[in-house]
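Just so it is clear, none of the values below were taken in a lab; they were calculated from the coordinates. As the structure is a computational prediction, the values presented were derived from the model and not from experiment. Note that we place each Cβ from the backbone using ideal geometry, even for glycine, and neighbour counts take in every protein chain shown.
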Amino acid sequence: MTYEQARAAYADWGVDTEAALRTLATIPISMHCWQGDDVKGFEAATGTSGGGIQATGNHPGRARTPDELRADLEFAYAMIPGRHRLNLHACYLDSDERPDRDAIEFRHFAPWVEWAQGQGVKLDFNPTFFAHEKADDNLTLAHPDKGIRDFWIEHGRRCREIADAMGAAQSGECVNNIWVPDGSKDNPVDRIGARRRLEASLDAMLDGPRDNVLDAVECKLFGIGVEAMTVGSHEFYMGYAIRKGTALCLDMGHFHPTENVADKVSAVALSVQDILLHVSRPMRWDSDHVILLDDSIRAMAQELVFGDLLGRVRIGLDFFDATISRTAAWVIGTRNMQKALLEALLMPRDRLVAAEEALDFTTRLMLTEELKSLPAAAVWAEFCAREERPVGAELVQSLSGYQSTVAARG
């Protein structure tokens with residue numbers, strides 16, 4: 001089907017495909033750097049990964065240097081329509097120096113800023129509270145040892161300074177997302193003590209405004225080594241975000257497998273102004289698989305569109321799979337998020353809402369089912385064509401061709 005035919009088909013439903021395409025082009029997705037190198041980073045490792053951070057597989061082509069990672073990112077962005085962002089972890093510094101985490105400065109990330117400006121990509125940032133000898137107990141900001149807590153508080157402060165400088169350099173907001181692996185493998189006897197320490201550490205770390213930073217706190221149900229209790233649970237961080245005015249990060253892979261994370265967005269939005277979304281695909285427990293264009297992603301996209309939340313929710317990705325081409329993983333995941341958003345933008349929202357408000361659930365069901373047969377793929381192909389991005393067999397060929405050029409990395 002041609003785009004003009006698809007446009008006419010949607011017009012019969014009262015949907016303007018041109019308006020949908022214009023909106024989609026304005027939605028940036030923050031692509032995560034750590035898919036490209038299996039969450040290893042570019043500093044000397046001083047501890048275990050910790051907190052359930054582990055990429056499995058040994059597919060050839062892992063980026064081993066900042067230059068290799070940037071080259072992979074450039075290829076991935078060239079396959080993805082629209083203008084997007086890069087989510088950078090603190091362990092991805094690019095410097096001949098190797099400062100410890102409590103001594104990092106903006107200059108250690110200057111090559112990333114220069115590269116991003118050249119690419120027209122804006123940066124987001126994350127403190128790295130794992131893969132360090134002072135995190136091997138799966139305790140950082142909640143550690144009983146004040147010296148260890150102070151080390152990580154200083155790391156977090158410096159990351160806020162770096163994020164602020166990044167935001168100033170790009171003349172816009174830099175999201176600074178905070179996730180810590182803190183928890184207990186077996187049943188603790190003093191949960192509230194650990195949570196009081198985490199709260200106090202966060203308060204010290206986030207003390208004072210940063211004009212170019214949006215701080216976010218990220219919850220988790222559990223991870224490897226913290227099966228009995230995660231200090232920074234959903235309830236802890238939701239309360240913290242409400243009290244302190246931070247953004248709340250909802251990671252789709254951080255909840256119980258039967259929970260509908262899309263349902264949480266509107267509930268949280270009534271109490272929290274800013275939300276950071278990490279899009280991933282859980283499988284069984286706490287997995288970060290490459291996202292599919294499945295019901296969970298479609299539900300999330302519809303929630304963002306129908307709730308008028310696109311201006312308040314920052315969309316980021318968080319998955320890492322070393323069993324497949326890492327660049328293909330970026331491209332597939334990002335494009336699937338965009339496809340889901342496009343499908344939501346192509347729904348006759350006013351008509352559906354009117355049926356629901358009239359308690360006409362039959363019409364609501366008929367409409368939602370009939371919409372599944374409309375030619376969204378043709379509209380997506382038009383979006384890619386206007387952005388000069390490949391689709392179908394051409395995309396597959398491009399992804400395979402690039403993988404062949406990096407396979408010798410081992």
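Taking other C-beta atoms within 10 angstrom as a stand-in for reagent exposure, M166, M283 fall in the order M283, M166, fewest first. Counting neighbouring beta carbons within 10 Å and listing from fewest to most, the residues W380, W13, W152, W115 come out as W13, W115, W380, W152. Annotation: the residues D182, D145, D94, sorted from fewest to most other C-beta atoms within 10 Å of their own C-beta, follow the order D145, D94, D182. Label the stretch 1-118 by shape, choosing from rounded, prolate and oblate, from the square roots a ≥ b ≥ c of the eigenvalues of the Cα gyration tensor; if a/c is under 1.5 it is rounded, and otherwise prolate applies when a/b is larger than b/c, oblate when it is not. Prolate, since a/c reaches 1.5 and a/b exceeds b/c.
Mean sequence separation of contacting Cα pairs (under 8 Å, at least six apart), scaled by the length of the chain, corresponds to a relative contact order of 21 percent. For F320, the shell of other residues with beta-carbons less than 12 Å away shows a net charge of -1, using +1 for Lys and Arg and -1 for Asp and Glu.
When a/c reaches 1.5 or more, the comparison of a/b and b/c decides; with that in mind, is the stretch 334-410 rounded, prolate or oblate per its Cα gyration tensor? Here the stretch 334-410 falls in the prolate category.
For the stretch 98-177, what class follows from the C-alpha gyration tensor (a ≥ b ≥ c being the square roots of its eigenvalues): rounded when a/c is under 1.5, otherwise prolate if a/b is larger than b/c, else oblate? Verdict is prolate for the stretch 98-177. Centroid-to-centroid, using Cα positions, the stretch 60-111 and the stretch 227-278 are 27 Å apart.
Could you state the angle between the C-alpha long axis of helix 191-205 and the longest principal axis of the C-alpha atoms of the chain, as a value from 0 to 90 degrees rounded to the nearest 10? Helix 191-205 and the main axis of the chain meet at about 90 degrees. Which of the lysines could be linked to K372 by a straight reach, that is with a Cα gap under 29 Å, when you skip same-chain ones fewer than 8 residues away? Filter leaves K264, K339. For K134, give me every one of the lysines with a C-alpha distance below 24 angstrom, ignoring sequence neighbours fewer than eight places off in its own chain. Answer for K134, where 24 Å is the Cα cut-off: K40, K146, K185, K220, listed by chain and number.
Separation of the stretch 157-193 and the stretch 353-410, taken as the distance between their Cα centroids, equals 34 angstrom.
Would you tally the net charge around E235, using a Cβ to Cβ cut-off of less than 13 Å, leaving E235 out, and scoring K and R as +1, D and E as -1?
Local net charge: +4.
Lys and Arg at +1, Asp and Glu at -1: add these up for the other residues within a Cβ distance under 11 Å of T56 and post the number. Local charge sum for T56: -3.
Computed from Cα positions, the angle between helix 392-406 and the longest principal axis of the chain comes to roughly 30 degrees.
A Cβ-based charge dipole, computed about the Cα centre of the chain with Lys and Arg at +1 and Asp and Glu at -1, lands at about 100 debye. Rounded to the nearest 10 degrees, the angle from helix 295-306 to the longest Cα principal axis of the chain is 80 degrees. Rounded to the nearest 0.05, what FRET efficiency do E259 and D96 give with R0 = 60 Å and r taken as the Cβ-Cβ distance? Could you check? For R0 = 60 Å, the calculated efficiency reads 0.85.
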